[in-house]
Amino acid sequence: MPKVVNHVARRLSITRAVAALIERAGIQAVSVRTVAAEAGLRPSTLRHYFPSSDEMLAGTITMVRERQAARFAQVPSSGDAQADIRTAWLHALPLDAERRTEAHVWLAITAVARTPELRRVLADINDGLDQLCAATVRVYSAGKAHPRESEAMMLRAFTDGLAVMAITEPAAFPEEVITAALDAYLAHLAARGSGGVT
C-alpha cells in the first residue's frame, strides 16, 4: 500500500528547517541541499515542494506571518484598551524561543527580499506592525488633541530595535528587559497623552 504523505505537514517541516538554519547559520546557509539535510529529506523530495531557495524563503516568511496571525487571534479582549494593546505587543515581540526564531527569519529575509512574493509577505507583516503602532499611539494618547503622526513611526523604530537587540544580544535583552523597556515607552506615551511630562 502506498505511503500517505501529509503535504501540509511536510511543507511545515521544511519551512521550520529553513527557519532553524537561518537562526543557527544565517540566510546564506539556505540551499536545497542544506535544507533537505536539516529536514531529513532527499533534495528531490524537497524540490517537489519548493523548487528554489527563493520559494523556500517565501514559504518560511509566510509561515511566520501565519503563526503571528494565529497568536493575535487568540488574544482575548479584556475591555481595557491599554492592557489589550500591551498584550498585543507582548505577543509581537521576541520574548521566547519561537518568536526569536521568527524575528531572525523576518530580519534575514528583509535584508535579501528580491522577489515580488517575498516583498508582498513582508509588506503584510510590516503593515500589521504599523497598524499596531498607530493603534498604540491612539489608545495611549487619548486626551491629547492631535498626536503627532511621527509618534507611530518612532514607536515602530523602537520596537524594531528591541526585536533586533533580542536576537543579536539575547543575554543583554532577555524577556524581562524587553518587557520593562516596552512598559517604559507605553508609560511615556500615556504621560504625553494626559498632558504629563514629556
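Assign unit charges at the C-beta atoms only (+1 for Lys and Arg, -1 for Asp and Glu), then state the dipole size of the chain relative to its Cα centre in Debye, rounded to the nearest 20.
Computed charge dipole of the chain: roughly 680 debye.
For the chain, what does the helix formula give at 222 nm: sum of -39500 (n - 2.57) over DSSP H segments with n ≥ 4, over the residue count, nearest 500 deg cm²/dmol?
-24500 deg cm²/dmol
Quick check: the angle from helix 53-73's long axis to the longest principal axis of the chain, C-alpha only, nearest 10 degrees?
The answer is roughly 40 degrees.
Using the number of other C-beta atoms within 10 angstrom as an exposure proxy, rank His48, His188 with the fewest first.
His48, His188
Just want to confirm a number: the relative contact order over the chain, from Cα pairs under 8 angstrom separated by 6+ residues, in percent.
20 percent
Using alpha carbons only, how many degrees (0 to 90, rounded to 10) separate the axis of helix 81-92 from the longest principal axis of the chain?
The angle comes out at about 30 degrees.
Counting other C-beta atoms within 10 Å, and keeping those with at most 16, which DSSP coil trypsin sites (Lys or Arg not before Pro) do you find in segment 38-135?
Arg114
Read-outs: derived from the displayed coordinates by stated rules, not from any lab. Quick caveat: nothing in here was measured; it's all calculated off a predicted structure. We place every Cβ from the backbone using ideal geometry, glycine too, and count neighbours over all the protein chains shown.
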